[in-house]
Number of protein chains: 2
Amino acid sequence: MTASSPASSSNGMSRREELLAVATKLFAARGYHGTRMDDVADAVGLNKATVYHYYASKSLILYDIYKGAADFTVDALHDDPTASARETIYHFTRRLLVGIASDIERAAVYFQEGPYISEWFTEDQVAYIREKEAQVYEHVRDVIDRGIASGEFYDCDSHVLALGYIGMTLGSYRWLRPHGRRTAQEIAVEFSTALLRGLIRDEAVRESEPLGLPVEETAPRG
Amino acid sequence: MTASSPASSSNGMSRREELLAVATKLFAARGYHGTRMDDVADAVGLNKATVYHYYASKSLILYDIYKGAADFTVDALHDDPTASARETIYHFTRRLLVGIASDIERAAVYFQEGPYISEWFTEDQVAYIREKEAQVYEHVRDVIDRGIASGEFYDCDSHVLALGYIGMTLGSYRWLRPHGRRTAQEIAVEFSTALLRGLIRDEAVRESEPLGLPVEETAPRG
């Protein structure tokens, strides 16, 4: 989050941070399109002129939410290049899920408004977000490719699996709750273990017919 | 899809089906909130009175889209109860991905508008959709539980994995394309193989430290 003003409210956040947090909650619940600057001003308890002092337009609030989420996700990927591919995937998963659990509404706004951002953002803003998303995808794909190249992982379609992995982890904003029955850390262990170890116990079954059919009938790159 | 009128257009769809298909595309691109009945009428080439003849309100169009998608997903889960858990998961995945690829826009509308449906739908309509969603989640969870109970699968948190599986498969509407480089069927093989067999090749590594750490340090239910 960006904090441009020293003025701070009773809960220790700057006015701007508070405004951003309140707007994020409203956008998550009602949608960006369905939330007016008046609603934001009312909810944060400021007059509209003051809101415009911090953000010259509603779209700049949305962009701050987007930029914060995109930058966070890219930062979460930074990793030790000497780690094994499986460790890297586990640590990605853990950091991503812990981050999502810490700000579910930000993740919700990010995904809910995704299809429409080119309506609200400038070309440069859209390009910034798309570049960060490409980095996330490429980073995940590259770790899988690294695992395949070293012989740690089976041969597989790293492109498709990177996209599936992103859907599984980032898509968790739909149901992940900070005080749910399992912590974000525990969920990261479950997801990573399932993906890396597989669900099937029996080594022979796992090797010869993981889908219930002999591998050569089903898997093009088996 | 429901077809209530024998009147059909040049492409063989009934007027009502055509209207639904056009509205689905508009809602997917602009959002439900950002699409007016006038836009639907213009795009389908009917006057507004005719559109209202088929659908008394915009929300009834959205509900038809929702009901179609929810019913399809539940139908895709029907399976042979004597099949192994791994076969069942593979066939779910295949049918779900093939179905999504056949109507990406329907899936997009479903997920994009999800957070707001209680604003547009009646309580009964919301209850119908939530009931179908619960059936999908429970069906996936139950298959995983069946695999654990029979010894086919490792012990794991079937609740969390069912949610992750749904994010991975249904979340694919974001990037799945009917004429992409891999077919929906091939993607189903990749997803199912990764989840069921795991990525790690080496049996000893897989058993003892799937996350790069000894199992007892990381996995609460290892």
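Across the stretch B:149-204, what is the total count of residues that are touching an Asp or Glu at 6+ places or on another chain (Cβ under 9 Å), farther than 29 Å from A:Pro115 by Cα, within 7 Å of another protein chain (Cβ to nearest Cβ) and assigned to a helix (DSSP H, G or I)?
The total comes to 2.
Considering (1) assigned by TED's automatic domain parsing to the domain that holds B:Tyr110; (2) over 14 Å from A:Glu190 (Cα atoms); (3) touching a helix residue (DSSP H, G or I) at 6+ places or on another chain (Cβ under 7 Å), say which one B:Pro214 fails and leave the rest.
(1) is the only condition that B:Pro214 fails.
Which residue out of B:Gly147, B:Gly151 is surrounded by 17 or more Cβ atoms within 10 Å (Cβ to Cβ) and small (Gly, Ala, Ser)?
Selected residue: B:Gly147, the only one of B:Gly147, B:Gly151 that is surrounded by 17 or more Cβ atoms within 10 Å (Cβ to Cβ) and small (Gly, Ala, Ser).
Being over 33 Å from the mean Cα position of the chain (by Cα) and among the β-branched types (Val, Ile, Thr) is the filter here; which residues of the stretch B:192-214 pass it?
The one that is over 33 Å from the mean Cα position of the chain (by Cα) and among the β-branched types (Val, Ile, Thr): B:Val205.
Yes or no, residue by residue, for (1) outside the structural domain of A:Phe27 (by TED's automatic domain parsing); (2) in contact with a Ser or Thr (Cβ under 8 Å, 6 or more places away or on another chain); (3) farther than 30 Å from A:His179 by Cα; (4) among the small types (Gly, Ala, Ser):
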position	(1), (2), (3), (4)
A:Val98	yes, no, no, no
A:Arg106	yes, yes, no, no
A:Gln112	yes, no, no, no
A:Ser118	yes, no, yes, yes
A:Thr122	yes, no, yes, no
A:Ala127	yes, no, yes, yes
A:Val136	yes, yes, no, no
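With respect to B:Pro214, is the statement that it is at pLDDT below 95 and facing another protein chain (nearest Cβ under 7 Å) true?
Details: at pLDDT below 95: yes; facing another protein chain (nearest Cβ under 7 Å): no.
Criteria not met by B:Pro214.
Could you please give the count of residues in the stretch A:1-57 that are out of contact with any strand residue (DSSP E or B) (no Cβ under 9 Å at 6 or more places or on another chain), charged (D, E, K, R) and modelled with pLDDT under 95?
3
When the stretch A:175-210 is examined, which residues are found to be hydroxyl-bearing (Ser, Thr, Tyr) and either crowded, with 21+ Cβ neighbours inside 10 Å or not assigned by TED's automatic domain parsing to the domain that holds A:Thr93 (or both)?
Scanning the stretch A:175-210 gives A:Ser192, A:Thr193.
Counting just the residues of the stretch A:18-61 that are within 14 Å of chain B (Cβ to nearest Cβ) and assigned to a loop (DSSP other than H, G, I, E, B), which one comes out farthest from the chain's Cα centre (by Cα)?
Selected residue: A:Arg36.
May I ask you to verify whether B:Arg146 is more than 8 Å from chain A (Cβ to nearest Cβ) and over 27 Å from A:Phe111 (Cβ atoms)?
The answer is yes for B:Arg146.
For (1) surrounded by 18 or more Cβ atoms within 10 Å (Cβ to Cβ); (2) within 12 Å of chain B (Cβ to nearest Cβ); (3) under 14 Å from A:Tyr173 (Cα atoms); (4) at pLDDT below 95, each residue gets a yes or a no:
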position: A:Leu97; (1), (2), (3), (4): yes, yes, yes, no
position: A:Arg106; (1), (2), (3), (4): yes, no, yes, no
position: A:Tyr110; (1), (2), (3), (4): yes, no, yes, no
position: A:Pro115; (1), (2), (3), (4): no, yes, no, yes
position: A:Thr122; (1), (2), (3), (4): no, no, no, no
position: A:Gln125; (1), (2), (3), (4): yes, no, no, no
position: A:Arg130; (1), (2), (3), (4): no, no, no, no
position: A:Ala134; (1), (2), (3), (4): no, no, no, no
position: A:Glu138; (1), (2), (3), (4): no, no, no, no
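Looking only at the stretch B:131-162, how many residues end up being touching a residue at least 60 places away in the same chain (Cβ under 8 Å), within 19 Å of B:Val74 (Cα to Cα) and of a type in the set (S, T, N, Q)?
1
Can you tell me which residue in the stretch A:71-86 is modelled with the lowest pLDDT, limited to those that are assigned to a helix (DSSP H, G or I) and either surrounded by fewer than 21 Cβ atoms within 10 Å (Cβ to Cβ) or under 10 Å from the mean Cα position of the chain (by Cα) (or both)?
Going through the qualifying residues, I end up with A:Leu77.
List pairs: first residue in the stretch B:70-89 and in the same structural domain as B:Ser158 (by TED's automatic domain parsing) and farther than 12 Å from B:Glu152 by Cα, second residue in a helix (DSSP H, G or I) and basic (Lys, Arg) anywhere in the structure, Cβ distance under 6 angstrom, at least six positions apart or on different chains.
B:Ala70/B:Lys132; B:Val74/B:Lys132; B:Ala76/B:Arg95
When the stretch A:138-191 is examined, which residues are found to be small (Gly, Ala, Ser), over 16 Å from the mean Cα position of the chain (by Cα) and closer than 23 Å to B:Val189 by Cβ?
Those that are small (Gly, Ala, Ser), over 16 Å from the mean Cα position of the chain (by Cα) and closer than 23 Å to B:Val189 by Cβ: A:Gly147, A:Ala149, A:Gly151, A:Ser158.
The values are calculated or read from the model by the stated rules, or taken from the named source; none is laboratory data. None of the values given here were measured: they were computed from a predicted structure. Positions of Cβ are generated from backbone atoms using ideal geometry, with glycine treated the same way; all protein chains shown enter the neighbour counts.
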